[in-house]
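Notes follow the structure.
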Amino acid sequence: MSRRPEEALRQSSAGDAAASTAREVLELLEVMWSQAENASPAPLSVSQVRVLYVLEQEQIVNLRTLAEKLNSTPSSTSRMCDRLHAAGFIDRSHNRADRRELELRISRRGAGYLAGLRARREEVLGGLLGRMAPRDRAMLMRGLLAVRGVAEDAERSHATEAPAQADSA
C-alpha cells in the first residue's frame, strides 16, 4: 500500500486498483484479527468459522448442502463438523423424515463464539476507524455498503443459478 490511491488508479484500471487495495487491507486486518483472536479461549480455524457462519445464516442445513456452500467435499466437511460438535459449537440431529440424513445447526456455544469474535473484530476496526477523518470514514462507509450490495446480488444470482444448473444436468 505504498502508492497513493490516485496514483494507483492512474496506473491501472480502477477495478484492478480497488481490488488490489481491498485485498491488501483485508490481509492486514486478518493479521490484526488473528492477534486478537489468539486471546480467545477456543480459537477456531478460518474453515471452522466459515461453518459457523453458514449454520448461523441457514439455521438448519444437511451435510451435503453445507459442503456445497463451503465448496468442500462431504468427507472433509463431515470431519470438521465432528470436531465442532465434539467441542460443542454445533448441534446435530437426525432428520425426522429421513433418519439417515443429519441436520446441523449452530449451538448456543457456537453462536456465543461468533458474537465474541465479531466483538473483538469490531473493537480492532473501531480503533482503526476512530483514527480516520470523519469524511474518510463516511466515504469508506458508502463504498463498503456498495460492495456489500454487489456481493449480496452476486450471492443471490449464484443461488438461483445453482438449482437451474442441477436441473439441466
| With θ set to phi - 60° and the Karplus curve 6.51 cos²θ - 1.76 cosθ + 1.60, what are the ³J(HN,Hα) couplings of segment 106-118 in order, to the nearest whole Hz, using x for Gly and Pro? | 6, 8, 4, 5, x, 5, x, 4, 4, 4, x, 4, 5
| query | So for Tyr113, Tyr53, what's the accessible-area order with a 1.4 Å probe, most first? | reply | Tyr53, Tyr113
| remark: The ³J(HN,Hα) series, computed from each phi in segment 148-154 with the Karplus coefficients 6.51, -1.76 and 1.60 at θ = phi - 60°, rounded to the nearest Hz and given as x for glycine or proline, is 4, x, 5, 5, 5, 4, 5
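Order the following by accessible area, largest value first: Met80, Met139, Met132. Probe radius 1.4 Å; ligands, DNA and RNA are ignored.
Highest to lowest solvent-accessible surface, that is Met139, Met132, Met80.
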| said: Under the rule of at least 5 residues apart or a separate chain, name every residue whose amide H is placed under 5 Å from the amide H of Asn62. | reply: Leu104
| said: Taking θ = phi - 60°, what integer Hz values does the Karplus form 6.51 cos²θ - 1.76 cosθ + 1.60 yield along segment 48-63, in sequence order, with x for Gly and Pro? | reply: 5, 5, 4, 4, 4, 4, 5, 5, 5, 6, 8, 6, 10, 8, 8, 4
| request: Could you pull out every residue, at least 5 positions away or on a different chain, whose amide H is within less than 5 Å of the one on Ile90? Hs are placed 1.01 Å off N in the peptide plane, and Pro or chain starts have none. | output: His85, Ser107
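The values are calculated or read from the model by the stated rules, or taken from the named source; none is laboratory data. Predicted, not measured: the structure shown is a model, and the values here were computed from it. For accessibility, only protein heavy atoms count, side chains too; no ligands or nucleic acids. Shrake-Rupley method; radii C 1.70, N 1.55, O 1.52, S 1.80 Å.
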